[in-house]
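Working notes, structure below.
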Amino acid sequence: MKRTVDLCWKTASWLSGMLVSASVLFLIGFLLWQGGHAVSPALFFGDTPWQDALLGRKPVFDGIWPAIVGTLSLVVLASLLAVPIGIAAGIYLSEYATARQRRWIGSLVDLLSATPSIVMGLFGFTLILLLRKTMFPGAQTGLMPAAACIALIVLPYLIATTQASLQGIPEESRLLGASLGLTKWQHIRHTLIPLSAKGILGGVVLAIGRAAEDTAVILLTGVMARAGMPRNLWDKFEALPFHVYYLAAEHRDAAELAQGFGTALVLLMVTTSLFGISYWIERRTAKRWEIG
């Protein structure tokens, strides 16, 4: 009987793994089939020569190059805002907070993680209106407000993974700092963070991926079709997820729909590249800390 149950569980696990792999392969194959032929220099730069587009000498009106720059800018800004705060909050919850503080703050973090992105976008939009009527008459939707709202969305991933990674360190490793006479912060800096680096950086990778794909938040906080390249942190911007949504909803012919699928394929490649870079940084950092 036990062998039969084990065999059933093993088969179910194997089928689940195969189902996930097949779904990913089907998605990639579908996008390649629908939009692969649309991926060309014209999709990226339209009628603008690519050298002039890359150097910013001429604007790009019919291509997705401004949306690629807008997406990368959004990811970088959101990461700069969220990563330090998220890791610091995770360290506090794991190492400094009392059980009661951990319970209360943990509940608020869970509530933040459960907030739908459209609600977060509405919050950002309302906050901008409030600031415009009170302290900052010039406040408007743009790249920085959108990045701040995205940062709020990815913050729970960073806090939870940092806290879980630190709390997963074995007790004997936690005694190392005291045995060497290190202060609390020295123990965290030189012992606990290096030991939990892989989990913390894994959370950073997840946060970056989440920041690149969200549409609902930026829809209300600054993204615009055909906005061009953002000239500063407060300017309107384009983004790949919104471009896909816009073309899927407003396409006028099959060519524009194919451009939407091509853009989705490019978004997938950009996200995969970001994951690859983050993974490389994670491996390099973890290796350096292991050696140190």
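The values are calculated or read from the model by the stated rules, or taken from the named source; none is laboratory data. Since we're looking at a predicted model, the values are computed, not measured. Here Cβ is always computed from backbone atoms with ideal geometry, including for glycine, and neighbour counts include all displayed protein chains. Ligands, DNA and RNA are excluded from the accessible area calculation, which covers all protein heavy atoms including side chains. Shrake-Rupley method; radii C 1.70, N 1.55, O 1.52, S 1.80 Å.
Here are the numbers for the structure shown:
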read-out: Test: residue in the stretch 45-60 that is loosely packed, with under 10 Cβ neighbours inside 10 Å and modelled with pLDDT under 90; value: yes
read-out: Test: residue in the stretch 221-233 that is within 23 Å of Y157 (Cα to Cα), more than 16 Å from the chain's Cα centre (by Cα) and either of a type in the set (F, W, Y) or crowded, with 17+ Cβ neighbours inside 10 Å (or both); value: yes
read-out: Residues (open to solvent by 60 Å² or more (accessible area, probe 1.4 Å) and either within 27 Å of A207 (Cα to Cα) or outside any helix (DSSP H, G or I) (or both)) located in the stretch 169-180; value: P170
read-out: Cβ pairs under 8 Å, 6+ apart, first in the stretch 106-127 and over 23 Å from Q140 (Cα atoms), second modelled with pLDDT under 90 and open to solvent by 70 Å² or more (accessible area, probe 1.4 Å); value: S113/Y157
read-out: Residue check for A239: open to solvent by 30 Å² or more (accessible area, probe 1.4 Å) and either modelled with pLDDT of 85 or more or farther than 26 Å from A88 by Cβ (or both); value: no
read-out: Boolean, T272 is hydroxyl-bearing (S, T, Y), assigned to a helix (DSSP H, G or I) and surrounded by fewer than 15 Cβ atoms within 10 Å (Cβ to Cβ); value: yes
read-out: Enumerated helices (runs of 4 or more DSSP H) restricted to the stretch 1-91, each holding at least 1 residues that are farther than 26 Å from I208 by Cβ, acidic (D, E) and touching a Lys or Arg at 6+ places or on another chain (Cβ under 6 Å); value: 50-54
read-out: Complete set of residues in the stretch 109-141 that are under 18 Å from Q167 (Cβ atoms), open to solvent by 50 Å² or more (accessible area, probe 1.4 Å) and of a type outside the set (D, E); value: S113
read-out: Residue in the stretch 62-72 that is surrounded by fewer than 19 Cβ atoms within 10 Å (Cβ to Cβ) and free of Cβ contacts under 8 Å to residues at least 40 places away in the same chain present; value: yes
read-out: Identity of the residue in the stretch 248-263, under 16 Å from A67 (Cβ atoms) and small (G, A, S), that ends up surrounded by the most Cβ atoms within 10 Å (Cβ to Cβ); value: G262
read-out: Hits in the stretch 184-202 - residues which are open to solvent by less than 10 Å² (accessible area, probe 1.4 Å), under 13 Å from S94 (Cβ atoms) and of a type in the set (G, A, S); value: S196
read-out: One residue from A227, A207, A249 being over 21 Å from G35 (Cα atoms) and in a helix (DSSP H, G or I); value: A207
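Yes/no per residue for (1) assigned to a helix (DSSP H, G or I); (2) under 18 Å from the mean Cα position of the chain (by Cα); (3) β-branched (V, I, T); (4) at pLDDT below 90:
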position: F136; (1), (2), (3), (4): no, no, no, yes
position: Q140; (1), (2), (3), (4): no, no, no, yes
position: A147; (1), (2), (3), (4): yes, yes, no, no
position: L152; (1), (2), (3), (4): yes, yes, no, no
position: A160; (1), (2), (3), (4): yes, yes, no, no
position: S165; (1), (2), (3), (4): yes, no, no, yes
